[in-house]
Amino acid sequence: MSRALLLRCPVCDATHAFRGDRDDHEKAELLDRADDHLRDHALGESARAIRKHEVVADAEERILAGDELDRLPTDGWRADVALVG
């Protein structure tokens, strides 16, 4: 079994997965990844700042089988991800 940390965009519901759990990743890394994605949405700077903290605060940790983790978007954001686990 493998661990995954899932970030979900509150605007478009896209998902980005990180291998490991919250302790394996610096908060700044998660905030940067959320901010990079949120720049694609037409949000003002203050709204984007609030949303990126929301994304990180709402991150989900999952325990998954290896093949389930391999299907998650660990290299970018993707919509329509069927979450398992």
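The values are calculated or read from the model by the stated rules, or taken from the named source; none is laboratory data. Source: prediction; values computed, not measured. Virtual Cβ from ideal backbone geometry, glycine too; neighbours counted across all protein chains shown.
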Task: Hey, Ala17 among the aliphatic types (A, V, I, L, M) and not in a helix (DSSP H, G or I) or not - done: yes
Open item on the list: What's the total number of residues in the range 40-64 that are assigned to a loop (DSSP other than H, G, I, E, B) and either surrounded by 12 or more Cβ atoms within 10 Å (Cβ to Cβ) or of a type in the set (Asp, Glu) (or both)?
Closed with: 5
- [ ] For the range 41-51, state whether one or more residues are in contact (Cβ under 8 Å) with a residue 12 or more places away in the chain and within 10 Å of the chain's Cα centre (by Cα).
- [x] no
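Do we have Leu31 as surrounded by fewer than 17 Cβ atoms within 10 Å (Cβ to Cβ), out of contact with any Pro (no Cβ under 9 Å at 6 or more places or on another chain), outside any loop (DSSP other than H, G, I, E, B) and modelled with pLDDT of 95 or more here?
Values: surrounded by fewer than 17 Cβ atoms within 10 Å (Cβ to Cβ): yes; out of contact with any Pro (no Cβ under 9 Å at 6 or more places or on another chain): yes; outside any loop (DSSP other than H, G, I, E, B): yes; modelled with pLDDT of 95 or more: yes.
Yes: the conditions hold for Leu31.
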